[in-house]
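Chemist: Mind having a look at this structure? Questions to follow.
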Number of protein chains: 2
Amino acid sequence: MQGTLPPASEPTAYTPTDRTVPTRSAQRASYDRELVHAILDEGYVCHLGFVRDGAPVVLPTLYGRVGERLYVHGSTGSRPLRMTGQAGPGLAVCLTVTHVDGLVLARSAFHHSINYRSVVVHGIAHQVTDPEERRTALNALVDHVVPGRSADSRPANTKELAATAVIRLDLEEVSAKVRTGGVSDEPEDLALPHWAGVIPVSRRYGAPLADAALTPGTALPEYLAAL
Amino acid sequence: MQGTLPPASEPTAYTPTDRTVPTRSAQRASYDRELVHAILDEGYVCHLGFVRDGAPVVLPTLYGRVGERLYVHGSTGSRPLRMTGQAGPGLAVCLTVTHVDGLVLARSAFHHSINYRSVVVHGIAHQVTDPEERRTALNALVDHVVPGRSADSRPANTKELAATAVIRLDLEEVSAKVRTGGVSDEPEDLALPHWAGVIPVSRRYGAPLADAALTPGTALPEYLAAL
């Protein structure tokens with residue numbers, strides 16, 4: 001698949017705002033559009049935060065990206081999706097995606113850390129009502145989990161579409177935060193006898209388990225074997 | 001290590017509340033204390049939500065569990081930790097932990113899903129000021145990432161302790177949500193030619209990368225080899 005360049009008018013970085021500039025470890029923060037997209041595209045589960053009766057709620061949910069738009073879907077009866085309303089002002093959300101890349105084991109308890117890449121998106125989520133955008137979003141949600149899968153499944157029918165709410169969050173107020181590299185112990189701790197280093201962490205896919213009712217002879221598609 | 005029984009007065013389940021009873025997929029919800037503990041103990045990164053200027057904020061952070069208390073730590077300068085205050089009413093938070101166990105690929109796009117286990121904790125986070133509880137919490141945070149590690153590292157010194165804020169969230173308003181099992185396609189879709197089944201997902205630890213300054217001859221401890 002070929003990449004696509006952003007339109008000439010699109011800057012290569014998001015503009016930092018008061019809430020996307022961290023109070024701590026500012027050197028780990030980035031507003032680079034390509035980095036943000038890459039972190040988002042490697043995941044499929046985000047943690048979506050919203051405010052209900054004045055208190056925060058954080059729920060794990062699937063997401064998909066299409067250009068500068070993130071999509072989340074769910075039952076029309078689910079709480080955050082109902083709260084965005086059919087029209088109206090939308091719902092203030094914070095959508096966060098995190099990948100853990102390594103355990104950083106320092107000689108000192110204090111300098112223990114995690115190598116990670118995360119993206120935090122602030123904004124107002126709106127329900128998507130345009131039928132074509134809804135289709136695009138639902139395909140993106142399936143393809144985010146397994147690229148190529150939406151074309152190899154039965155598309156949603158009218159009844160299923162009616163039961164599904166899709167909300168959109170534009171990538172405008174966005175930051176990434178990344179920690180990479182090794183241990184940062186104090187110089188006076190280097191001779192301590194404790195083992196120090198990094199344990200890499202990654203995602204592993206196991207051997208596919210076929211559905212018991214699968215039509216005999218159905219081959220595992222290439223896009224799944226590639227996982 | 002031996003397990004410990006909860007005190008006789010402690011019920012085996014958390015009491016459901018308005019905000020821990022889901023509006024959707026209620027059959028996936030559980031309030032079982034052992035299940036909640038098991039899900040929490042398998043992870044070390046949570047997504048912590050709080051409200052700032054009326055808007056939600058969701059940040060990934062490490063956590064540890066000691067009995068019915070969760071601990072989160074950070075710099076005394078970090079935003080959520082500052083917001084809990086030294087005394088005062090505390091900070092309303094929602095702490096969520098999610099493990100992805102599988103990709104559920106149905107024949108229909110609509111029935112695609114994820115096998116997962118998550119825990120959502122609602123409550124008021126308070127700063128911990130008692131020196132002994134702070135020590136216990138910081139050890140728990142290190143041991144949550146790698147069991148046994150806190151005893152094999154230099155404990156925090158006075159300066160490091162002064163720079164570290166610890167907040168506590170009691171496990172009271174808690175729910176787990178779990179999806180397991182296979183594909184739930186519509187009967188009329190079973191003959192479709194699309195492959196259907198589950199792709200297991202798990203966490204993989206790579207070979208440990210020793211710090212370049214490691215004292216020659218320092219062996220990899222057993223608790224790390226066991227990962």
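Chemist: Looking at the range A:164-203, which of its residues are in a loop (DSSP other than H, G, I, E, B), of a type in the set (Gly, Ala, Ser) and either surrounded by fewer than 21 Cβ atoms within 10 Å (Cβ to Cβ) or within 22 Å of the chain's Cα centre (by Cα) (or both)?
Modeler: A:Gly181, A:Gly182, A:Ser184, A:Ala191
Chemist: Further question: Can you name the condition, by its number, that A:Val128 falls short on among (1) within 24 Å of A:Val58 (Cα to Cα); (2) surrounded by 20 or more Cβ atoms within 10 Å (Cβ to Cβ); (3) β-branched (Val, Ile, Thr); (4) within 9 Å of chain B (Cβ to nearest Cβ)?
Modeler: Going through the list (1) within 24 Å of A:Val58 (Cα to Cα); (2) surrounded by 20 or more Cβ atoms within 10 Å (Cβ to Cβ); (3) β-branched (Val, Ile, Thr); (4) within 9 Å of chain B (Cβ to nearest Cβ), A:Val128 breaks only (4).
Chemist: Given the criterion out of contact with any Lys or Arg (no Cβ under 6 Å at 6 or more places or on another chain) and away from chain B (no Cβ under 11 Å), identify the matching residue among A:Val166, A:Val183, A:Val178, A:Val174.
Modeler: Numbers: A:Val166 fails: out of contact with any Lys or Arg (no Cβ under 6 Å at 6 or more places or on another chain); A:Val183 fails: away from chain B (no Cβ under 11 Å); A:Val178 fails: out of contact with any Lys or Arg (no Cβ under 6 Å at 6 or more places or on another chain).
Unique residue meeting the criteria: A:Val174.
Chemist: Mind listing just one residue for me: the one in the range B:21-31 that is crowded, with 16+ Cβ neighbours inside 10 Å and closer than 15 Å to B:Glu173 by Cβ and, of those, farthest from the other protein chains (Cβ to nearest Cβ)?
Modeler: Filtering the range B:21-31 for residues crowded, with 16+ Cβ neighbours inside 10 Å gives B:22, B:28-31.
Next, from what is left, pick out any that are closer than 15 Å to B:Glu173 by Cβ: B:22, B:29-31.
Working: B:Pro22: 8, B:Ala29: 12, B:Ser30: 15, B:Tyr31: 17 Å.
Here the residue is B:Tyr31.
Chemist: OK, next. With the structure loaded, tell me whether A:Asp189 is within 7 Å of chain B (Cβ to nearest Cβ) and charged (D, E, K, R) or whether it fails that test.
Modeler: For A:Asp189, the condition - within 7 Å of chain B (Cβ to nearest Cβ) and charged (D, E, K, R) - is met.
Chemist: Going by what's in this entry, would A:Leu161 be described as more than 7 Å from chain B (Cβ to nearest Cβ), part of a helix (DSSP H, G or I) and surrounded by 14 or more Cβ atoms within 10 Å (Cβ to Cβ)?
Modeler: Numbers: more than 7 Å from chain B (Cβ to nearest Cβ): yes; part of a helix (DSSP H, G or I): yes; surrounded by 14 or more Cβ atoms within 10 Å (Cβ to Cβ): yes.
Here the answer is yes, as A:Leu161 does meet what is asked.
Chemist: Does the range B:39-67 hold any residues that are assigned to a loop (DSSP other than H, G, I, E, B) and either touching a Lys or Arg at 6+ places or on another chain (Cβ under 8 Å) or surrounded by fewer than 17 Cβ atoms within 10 Å (Cβ to Cβ) (or both), and which are they?
Modeler: Residues satisfying the conditions are B:Asp53, B:Gly54, B:Gly67.
Chemist: Scanning for something closer than 30 Å to A:Asp18 by Cα, without any contact (Cβ under 8 Å) to a residue 60 or more places away in the chain and of a type outside the set (S, T, N, Q), does the range A:128-140 turn up at least one residue?
Modeler: Checking the range A:128-140: at least one residue is closer than 30 Å to A:Asp18 by Cα, without any contact (Cβ under 8 Å) to a residue 60 or more places away in the chain and of a type outside the set (S, T, N, Q).
Chemist: Let me ask another. Which of the residues that make up the range A:91-110 are over 19 Å from the mean Cα position of the chain (by Cα), within 8 Å of another protein chain (Cβ to nearest Cβ) and either assigned to a strand (DSSP E or B) or farther than 30 Å from A:Ser184 by Cα (or both)?
Modeler: Answer for the range A:91-110, where residues must be over 19 Å from the mean Cα position of the chain (by Cα), within 8 Å of another protein chain (Cβ to nearest Cβ) and either assigned to a strand (DSSP E or B) or farther than 30 Å from A:Ser184 by Cα (or both): A:Leu103, A:Leu105, A:Ser108.
Chemist: Quick check: is even one residue across the range A:102-112 touching a residue at least 60 places away in the same chain (Cβ under 8 Å), of a type outside the set (D, E, K, R) and more than 26 Å from B:Ala137 (Cα to Cα)?
Modeler: no
Chemist: Okay, next question. Residue check, A:Ser113 against (1) within 7 Å of chain B (Cβ to nearest Cβ); (2) among the small types (Gly, Ala, Ser); (3) farther than 19 Å from A:Arg65 by Cβ, all met but one. Which one?
Modeler: Just one mismatch for A:Ser113, condition (1).
Throughout, read-outs are computed from the coordinates displayed, never taken from laboratory work. Note that the structure is a prediction, hence the values are computed from the model and not measured. Note: ideal-geometry Cβ built from the backbone for every residue, glycine included; neighbour counts use all protein chains shown.
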